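J.: If you scroll down you'll find the structure; I have some questions about it.
The values are calculated or read from the model by the stated rules, or taken from the named source; none is laboratory data. None of the values given here were measured: they were computed from a predicted structure. Neighbour counts are summed over all protein chains in view; Cβ atoms, including those assigned to glycine, are modelled from backbone coordinates with ideal geometry.
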Amino acid sequence: MADHKPAKRPARRAAPASRGAARSARPAARPKRGRHGKLKKFLWGLLVTILSLAIIAVVGVFVAYQRTELPDPNHDFQTNTSFIYYRDGSRLGSFSVQNRQSIPYESMPEDLRNAVISAENRTFWTDPGISAKGMLRAAWTIARGGEMQGGSTITQQYIKVLYLSQERTMSRKFKELLLAVKMGKEVSKQDILAGYLNTIYFGRGAYGVQAAAKAFFYTDASKLTLSQSAVLASVLNSPANFDPSGGVAARERLLQRYRYVLDGMLEAGNITQAQHDEAYRELPKFPKVPDYNRWAGTDGYLMKMVHDELIAKGFSDQQIKGGGLKVTTTLDRKDQKAAVAAGQKYKKIAGRNAGSKGAENLHPALASVDVKTGGVLAMYGGDDYISNTRNWARTPRPAASTFKTYAVIAGMRHGFSLRSRLEGNAFTPDGDTTKVRNENNRNYGTVSLRRATAKSINTAFVDMVSRMKDGPKAVVKAANDAGVPKGTAWDLNNRIALGTAEVSPLAQAGGYATIANDGKKVAPHVVDKVVDQSGKTVYHAPSPSQRAVEADISHDVTYALQSVVEEGTGRLVADFDHQVAGKTGTSGVGDTVTAAWFVAYTKQISTAVMFVAGDSGNENLDPYAREGASGFHGGDYPARTWLDYMKTAMNGMPHKSFADPEWVNLSGKHYGQTERPELSDDEDSSKTPDNSNSDDPGSPNESSTPTPTVSSTPSSEPSSTPGSRPSSTASPEPSKPSAATTKPTPTRHPTRTIKPTHSGRPTPRDTTRGGVRPGVGEHNG
């Protein structure tokens, strides 16, 4: 027994040893099985969470769907006329109450229905009212940081227009989807399509296909052809971009969209290949459609300008014509009435000079701008917008000598002063072959820049521009700085100041307003404020703040332009009871006058008047000239029109004086590095005899003016006559005849005769425009 016990013990010990070995192996396996378990547990939890959220979402959507009812149509959508007002709050006009005549589904041509489906929603008949592909595309755009957008079916578009707002938010989009599905189940596809075609906006103030058929083709919707139907289906996608009346670019965009629609109809089997090919070649004809009365008469031009400006400010065509906007303009009702009366008065008077029907071919234009704000106070550019949509107040034509004002700015920036000596006789600039002449071949001798401006002496301005470094570019820059946009015939040559450059009266009124506003840039505009349907102000015109022309130069330019009125070609308005600064302009080919201008301002208002003739605005004005005058001049009927209008526009306004001249490049600030020879006070006196324009209506009788002296051999050197050669000693500045203040005494520079360095050959246009053909007197202005 003693031997038996020890024998059993080792066996019992061996078992623990084996279990110990097993236990020693287990710790290595446990961590592996633990990590897998945790991952498995996490994935199960995530799956449960996702499924739970999905179930909650489905339940939420189901509940939302069950609770969703098709609401009543938008009341605002049915009453969203946009009204336009004068600045005093009186109504100018409106951009249509929704122009809609609902028609039944059966009255809508099959081609029209198919065309709209091809253009907007090719799966319309089979989809549930929403487009999964479109929704994914929109979601992807949003995920990438883009704006909330469509991917909308016809059903969704209809719901958005009829029941919802135009805001782009996720909540609105979600509600749109629910309503679309609801409508897809509860309303037939035919009713949805009919409602859509009776509701959607097509442009031109037309809501619904019946109004659109009238607006574009002057026919009933039931009579629309295949090609006409394809056009309307194309236009509704973006009325402002695809309206064929928007010009060549708009027609090209419409043609591409139109062909896309036809391709879709062919692909769907709605039309035959022959029908497709016949319609595909070109757009259908667009007949002249009588417009609404709100466009009739002179108000139509104002409404068009308001519409164009709103588009330029970012408002859509649909917002303007159906968004319930309240648009307050800068237009003054009293001034507008005066502008139309003045324009029509002198159109009739001057027209009679050309015969019983002469007035039909004559086009006066007037644009008037508030100097401080740039707001357009009045505009006359035609008698009836429906019969002729061209607004002559916004139509550029050769600016003639009114463009010399910008040359004065450029000259002062390059060292010239009001006293600088300039060539007043005919001469041939260096490098040219064509002689520069003044009107009626008059010679003035040596003149100052101030006198050259007053008398509109062409040779002096060509002399000055030729002597400036890059003179033509400097003149263009000065005009652009003042706010005048570059346009046709802005050719860079030494005759640019003579005004072949084409500018509209509205742009000229703004450019001169910049000078009147002490050099702060004035941008003409007609929209002052826009308020939306909720009463929120969504736009307000900014006030001028940018310094465009140096203040001291603007004061000297104004002083020179006052000389035009007091002793020069603008004397007809000299007795006006407010201070006036302005410039006349007469442009033409040879002896033919094609444009006549008077542009002038007080401290408060800048007004430009232009007369042109013919459908092109380039026909001869001389047949319309006042009896006894040698031709049609800016200082005559244009100045008379300006004066008649300004008597009303300035009535009741306080008398404000212009700033005194700063005498830049003399006693004032010096610009440029070049010393310019100058005239003395006596030589530049307004009492100094010269050969002024006897045809100017404000000039003395022919018998009381000196006989013109025509030089047969003009020199490129400035002449020493009239007046004696100035000494190098200082002399007082001239006193303005009507000024109440004493002018400063400048520090005079030594007077030296400097030969002008003329450069720049005239372009072919310069040999025919402005009367600069060899041997023909040039129009001064």
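J.: I need the full set of residues from the range 593-628 which are under 27 Å from Thr389 (Cβ atoms) and surrounded by fewer than 19 Cβ atoms within 10 Å (Cβ to Cβ), in order please.
T.: Gly614, Asp615, Ser616, Asn618, Glu619, Asn620, Pro623
J.: Of the residues in the range 324-350, how many are crowded, with 21+ Cβ neighbours inside 10 Å, of a type in the set (Gly, Ala, Ser) and more than 20 Å from Val376 (Cα to Cα)?
T.: So the count comes out to 1.
J.: Filtering the range 535-573 down to residues that are β-branched (Val, Ile, Thr) and farther than 15 Å from Ala478 by Cβ, which residue is nearest to the chain's Cα centre (by Cα)?
T.: Restricting attention to the range 535-573, the residues satisfying the condition of being β-branched (Val, Ile, Thr) are 537-538, 549, 553, 557-558, 564-565, 569, 573.
Add one more test, that the residue is farther than 15 Å from Ala478 by Cβ, and what stays is 537-538, 564-565, 569, 573.
Working: Thr537: 22, Val538: 19, Val564: 31, Val565: 31, Thr569: 32, Val573: 31 Å.
So the residue we want is Val538.
J.: Does the range 77-91 include one or more residues that are surrounded by 12 or more Cβ atoms within 10 Å (Cβ to Cβ), under 30 Å from Ser229 (Cα atoms) and modelled with pLDDT of 85 or more?
T.: Checking the range 77-91: at least one residue is surrounded by 12 or more Cβ atoms within 10 Å (Cβ to Cβ), under 30 Å from Ser229 (Cα atoms) and modelled with pLDDT of 85 or more.
J.: Looking for whichever is closer than 21 Å to Lys337 by Cβ, among the aromatic types (Phe, Trp, Tyr), in contact with a helix residue (DSSP H, G or I) (Cβ under 8 Å, 6 or more places away or on another chain) and part of a strand (DSSP E or B) here; the options are Phe611, Phe576. Which one fits?
T.: None of the other options fit; the residue is Phe611.
J.: Any residue in the range 438-447 that is of a type in the set (Gly, Ala, Ser) and crowded, with 24+ Cβ neighbours inside 10 Å? If you could, list the steps in order and put the result at the bottom.
T.: From the range 438-447, those of a type in the set (Gly, Ala, Ser) are 445; that's our starting set.
Next, only the ones that are crowded, with 24+ Cβ neighbours inside 10 Å stay: none.
No; the residues of the range 438-447 include none that is of a type in the set (Gly, Ala, Ser) and crowded, with 24+ Cβ neighbours inside 10 Å.
J.: Got a number for residues in the range 552-573 being over 22 Å from Asn517 (Cβ atoms) and part of a helix (DSSP H, G or I)?
T.: Looking only at the range 552-573, we keep the residues that are over 22 Å from Asn517 (Cβ atoms), and these are 567-569, 571-572.
Pick out the ones that are also part of a helix (DSSP H, G or I) and you get 567, 571-572.
Summing the residues that are over 22 Å from Asn517 (Cβ atoms) and part of a helix (DSSP H, G or I) in the range 552-573 gives 3.
J.: Do the conditions hold for Met646, that is, is it more than 23 Å from Ser401 (Cα to Cα) and of a type in the set (A, V, I, L, M, F, W, C)?
T.: On the way: more than 23 Å from Ser401 (Cα to Cα): no; of a type in the set (A, V, I, L, M, F, W, C): yes.
So Met646 fails the test.
J.: Of the residues Leu325, Leu262, Leu302, Leu283, only one is under 23 Å from Ala215 (Cα atoms) and in contact with a strand residue (DSSP E or B) (Cβ under 6 Å, 6 or more places away or on another chain); which?
T.: Numbers: Leu262 fails: in contact with a strand residue (DSSP E or B) (Cβ under 6 Å, 6 or more places away or on another chain); Leu302 fails: in contact with a strand residue (DSSP E or B) (Cβ under 6 Å, 6 or more places away or on another chain); Leu283 fails: in contact with a strand residue (DSSP E or B) (Cβ under 6 Å, 6 or more places away or on another chain).
Exactly one of Leu325, Leu262, Leu302, Leu283 is under 23 Å from Ala215 (Cα atoms) and in contact with a strand residue (DSSP E or B) (Cβ under 6 Å, 6 or more places away or on another chain), namely Leu325.
J.: Then there's this: Counting only residues that are at pLDDT below 95 and among the hydroxyl-bearing types (Ser, Thr, Tyr), which one in the range 484-504 is nearest to Ala399 (Cα to Cα)?
T.: Top of the filtered list is Thr500.
J.: Of all helices (runs of 4 or more DSSP H) completely enclosed by the range 195-307, which ones contain at least 3 residues that are at pLDDT 95 or above and farther than 30 Å from Leu92 by Cβ? Steps first, please.
T.: Numbers: elements: 209-217, 226-235, 239-242, 248-267, 273-280.
Ranges flagged: 226-235, 248-267, 273-280.
J.: State all residues of the range 254-289 that are within 29 Å of the chain's Cα centre (by Cα) and surrounded by fewer than 17 Cβ atoms within 10 Å (Cβ to Cβ); if no residue qualifies, say none.
T.: Gln256, Phe286, Pro287, Lys288, Val289
Yes/no matrix, rows are residues, columns are (1) in contact with a strand residue (DSSP E or B) (Cβ under 6 Å, 6 or more places away or on another chain); (2) at pLDDT 95 or above:
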{"residue": "Val609", "(1), (2)": "yes, yes"}
{"residue": "Asp615", "(1), (2)": "no, no"}
{"residue": "Ala629", "(1), (2)": "no, no"}
{"residue": "Trp642", "(1), (2)": "yes, yes"}
{"residue": "Pro654", "(1), (2)": "no, yes"}
{"residue": "Ser657", "(1), (2)": "no, yes"}
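J.: Search the range 467-492 for residues that are without any contact (Cβ under 8 Å) to a residue 40 or more places away in the chain and crowded, with 18+ Cβ neighbours inside 10 Å and pair each with any residue that is assigned to a loop (DSSP other than H, G, I, E, B) and aliphatic (A, V, I, L, M) when their beta-carbon atoms are under 6 Å apart and the residues are at least 6 apart or on different chains.
T.: As it stands, the answer is Trp490/Ala501, since those pairs meet every condition given.
J.: Among the residues that make up the range 377-390, is at least one of them of a type in the set (Ser, Thr, Tyr), crowded, with 24+ Cβ neighbours inside 10 Å, touching a residue at least 60 places away in the same chain (Cβ under 8 Å) and outside the structural domain of Lys521 (by TED's automatic domain parsing)? It would help to see each step written out before you state the result.
T.: Start the filter on the range 377-390 by keeping residues that are of a type in the set (Ser, Thr, Tyr), which leaves 380, 385, 387, 389.
Okay, now just the ones that are also crowded, with 24+ Cβ neighbours inside 10 Å, so 380.
So of that shortlist, the ones also touching a residue at least 60 places away in the same chain (Cβ under 8 Å) come out as 380.
If we keep only those that are outside the structural domain of Lys521 (by TED's automatic domain parsing) as well, we get 380.
The answer is yes; a qualifying residue exists.
J.: Out of all the residues in the range 378-426, which are in contact with a helix residue (DSSP H, G or I) (Cβ under 6 Å, 6 or more places away or on another chain) and part of a strand (DSSP E or B)?
T.: Ala378, Met379, Tyr380, Ser420, Leu422, Glu423
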